[in-house]
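Input: a single structure, listed below in structure tokens.
Laboratory data are not the source of any read-out in this text; all were calculated from the coordinates shown. This structure is a prediction, so every number in the text was calculated from the model and none was measured. Here the Cβ is made from the backbone with ideal geometry for all residues, glycine too, and neighbour counts use every protein chain on show.
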Amino acid sequence: MKELRDIRKYIDPRLTILNKRLKNIKRIVAVASGKGGVGKTLVASTLSLVLAERNYKVGLLDLDFHGPSCHVVLGLFKPTVIENKGVVPIEVSGLKFMSLYNFAGNAHLPLRGEDISNLMIELLAITLWGDLDYLIIDMPPGTGDELLDLMRLIPRARVLIVTTPSLLSLATVRRLVSLLRTQGVNILGVIENMSFNDDVVVKFTRDLKLKYLGRIPFDEKVEACLGRPKDLLKTKFAARIRELADELTRQYRRASNTKNS
Amino acid sequence: MSVELGETLHEWALAEAVVDTIKEFMSKGEISVIKSVKIRVGELQNIDLNIFKFALNELLKEASLEGIEIHIEKDEVMFKCRRCGCEWRLSDISLEEEELETIHFMPELVHIFASCPSCGSCDFDIVKGRGIWIEGIKGY
């Protein structure tokens with residue numbers, strides 16, 4: 001007779017289920033930046049809308065816990081949670097959408113590191129995305145808890161970096177890239193937002209051996225389209241994001257061809 | 001927050017997480033026959049234990065693991081204020097039904113609704129009593 005063993009473990013079961021929840025998602029793109037205010041949310045939301053327009057199955061996850069705002073772009077005005085053996089993302093404008101906004105509305109969120117980590121694990125463990133071609137994640141700026149947890153929990157996520165041509169932004173991108181590279185994260189490239197036709201970002205990406213994914217000039221018409229995704233898709237901004245989507249899908253196709261060959 | 005209910009609640013998602021963890025634990029070969037599992041459930045998550053136990057039993061059956069004894073212990077919440085050091089419990093504050101519902105999904109969102117009963121600060125730690133943990137496994 002074998003001896004009865006009493007194993008004391010402190011296992012967080014949410015960490016086990018997390019990979020199962022993301023299993024049927026083909027491509028995960030985290031939209032990140034060094035600084036805030038460079039247009040991550042708009043790039044992430046519009047990229048999601050553009051991919052959905054092309055009949056890809058797309059999810060958009062807002063991981064900017066201190067300042068979630070994708071719902072503003074999408075025009076959601078009422079926090080809603082749909083429960084069914086987990087939490088089902090909201091369907092809006094052809095996307096599956098998940099954000100703390102769905103739970104907390106516009107309430108202030110005074111959260112410290114451990115809380116952020118727990119919230120992220122909880123959200124990833126209970127959200128039922130189902131089959132997706134793309135999950136686009138809107139990250140908070142910088143290299144804080146959410147980014148560290150992204151690398152820990154979803155190491156296969158690829159990172160799309162958004163920057164303005166300002167040296168203030170580029171200085172922080174340099175730090176971000178350095179961190180991502182030391183951790184072996186795949187960087188899709190850099191998109192230049194609010195561009196003013198200077199080559200500073202082109203040179204910057206060349207120096208850092210990063211893929212330059214194109215420039216988006218400041219489009220003053222975008223602000224009036226917030227909350228109206230159909231109108232947003234008619235802007236010049238969205239036209240540039242379509243080019244970005246072309247480039248990303250090409251990159252992914254090339255990567256999968258290389259893998260298969 | 002409005003909640004639309006499907007056929008089953010998110011207690012199922014948590015039960016599924018526990019059962020998958022048990023399966024993974026067995027597949028790693030650390031133990032081949034599991035007799036009992038001890039689960040600690042944080043008071044803050046406000047889990048409906050009847051639904052949770054029912055879901056666990058159903059999912060264990062599906063995984064051909066029926067017969068494993070499940071022991072569930074509740075872990076009382078303890079908060080500690082970072083400003084004045086005051087420690088308090090969930091029963092020391094009053095929360096609305098809808099607030100409890102929000103916390104049920106995301107325990108950390110208690111930071112929206114609660115503040116230190118001594119100094120009013122919203123900067124506090126959840127010292128214990130949040131999520132779900134597998135604390136002990138007995139078997140051969």
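Can you tell me how segment A:28-115 classifies by the Cα gyration tensor, rounded, prolate or oblate, using a/c under 1.5 as the rounded cut? Since a/c reaches 1.5 but b/c is at least a/b, the shape of segment A:28-115 is classed as oblate. Can you tell me the FRET efficiency between A:Asn257 and A:Ala224 if r is taken as the Cβ-Cβ distance and R0 is 51 Å, rounded to the nearest 0.05? Working from the Cβ atoms, E equals 0.80. Note on B:Lys28 and A:Lys211: the model spin-label points, each 7 Å out from Cα along the C-beta direction, lie 3.5 nm apart. In a simple Cβ point-charge model (Lys, Arg +1; Asp, Glu -1; nothing else charged), segment A:77-174 has a dipole of about 200 debye relative to its Cα centre.
Quote the relative contact order of chain A in percent (integer), defining contacts as alpha-carbon pairs under 8 Å separated by 6+ residues. Here the relative contact order equals 26 percent. Here chain A is treated with +1 on each Lys and Arg Cβ and -1 on each Asp and Glu Cβ, and its dipole about the Cα centre works out to around 1000 debye.
Projecting the Cα atoms of B:Gly131, B:Cys119, B:Leu90 onto the charge dipole of segment B:84-140 (Cβ charges, centred on the Cα centre) puts B:Gly131 farthest toward the positive pole.
Running a GNM on chain A with Cα contacts under 10 Å, which residue among A:Leu167, A:Leu135, A:Leu42 ends up with the highest mean-square fluctuation? Residue with maximal mean-square fluctuation among A:Leu167, A:Leu135, A:Leu42: A:Leu167. For segment B:26-78, the relative contact order is 57 percent, taking Cα pairs closer than 8 Å that sit 6 or more residues apart in sequence and dividing their mean separation by the residue count. Our compactness index for chain A, the C-alpha radius of gyration over the empirical 2.2 N^0.38 Å, is 1.04. Looking only at GluC sites (Glu not before Pro) in DSSP loops with at most 11 other Cβ atoms within 10 Å, what is the longest site-free stretch of chain B? My reading of the result: B:8-65 is the longest stretch. The distance linking segment A:1-63 with segment A:153-225 is 21 Å (Cα centroid to Cα centroid, whole angstrom). When a/c reaches 1.5 or more, the comparison of a/b and b/c decides; with that in mind, is segment A:10-54 rounded, prolate or oblate per its Cα gyration tensor? In terms of gyration-tensor shape, oblate. Here r is the Cβ-Cβ distance between B:Glu66 and A:Asn24 and R0 is 35 Å; the resulting FRET efficiency, rounded to 0.05, is 0.80. Charged neighbours of B:Ile70, selected by a Cβ distance under 9 Å, balance to +1 (K, R count +1; D, E count -1).
Once both labels are positioned 7 Å from their Cα atoms along Cα-to-Cβ, the gap between B:Leu100 and A:Thr182 label points is 4.7 nm. Going by neighbour counts of Cβ atoms within 10 Å, the residues A:His71, A:His66, A:His108, B:His10 line up, fewest first, as A:His108, A:His66, A:His71, B:His10. Using C-alpha pairs below 8 Å separated by at least 6 residues, the relative contact order for segment A:184-261 is 25 percent. Distance between the pseudo-spin-label points of B:Asp123 and B:Asp48 (7 Å out from Cα toward the beta carbon): 3.9 nm. Exposed loop sites here are GluC sites (Glu not before Pro) in DSSP loop states with at most 10 other C-beta atoms within 10 Å. What is the longest stretch of chain A lacking them? For GluC sites (Glu not before Pro) (loop position, at most 10 other Cβ atoms within 10 Å), the longest site-free span of chain A is A:4-219.
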